[in-house]
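Note sheet for the following structure.
No value in this document is a laboratory result; all are computed from the given coordinates. Source: prediction; values computed, not measured. Using ideal geometry, Cβ is built from the backbone for each residue, glycine included, and neighbour counts are taken over all protein chains shown.
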Amino acid sequence: MPTPAQSFQALLVWQKAHAFVLAVYKITETFPKHELYGLTSQLRRAAVSIPANIAEGFRKHSLADKARFYNISQGSLEECRYYLILARDLHYSETLSLETQLDEVARLLHSYIAHLGKSRNLPPSPLS
C-alpha cells in the first residue's frame, strides 16, 4: 500500500497543475498589452486557482471540505479551457501545448478525486 503524501507538493496532480501555471504565465507575456487587465489577468487567476485549491483541500480534515476545494479546482480548470480557446481564436497565441497540459491535469485531478472517493468515502466527482 503506497504511503500517503505528506504535503501537497508531493502530489503529481499539484506538480502538473503548477507546471501549467508557469506555462500560462510565460505564454500570457506575449498577449497584447491592452489585455493585461482582461484576458491575461483572467487566465492567470484561473490557472493559479487550480493548484491553490488542490493545496488548500489537501489539509482539510472533512471529506466534504476536501471535495469542495477539489471541485473548485475542476471549475477553474474548465474556466482556463475557455480562456485558451478565446486566446487561440483571437490569434494571441497557439494554445495546443497548454491545452494538452490542461487535459493531463484534468485527468489526474479526476483520478485523484475518484481515488479519494473510493478510499475515504468522498462524494463522487461530477465527472464520474
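Tabulated results
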read-out	value
C-alpha long axis of helix 12-28 to longest principal axis of the chain, angle in °	10 degrees
Helix-derived mean residue ellipticity, 222 nm - over the chain, DSSP H n ≥ 4, -39500 (n - 2.57), to 500	-24500 deg cm²/dmol
Cβ-defined net charge surrounding Ser93, 12 Å radius [Lys, Arg +1; Asp, Glu -1]	-3
Scattering curve values for segment 8-120, log₁₀ I(q)/I(0), Debye with Cα scatterers, q = 0.19 Å⁻¹	-0.90
Low-density loop positions, chymotrypsin sites (Phe, Trp or Tyr not before Pro), segment 13-55 - DSSP coil, at most 11 other Cβ in 10 Å	Tyr37
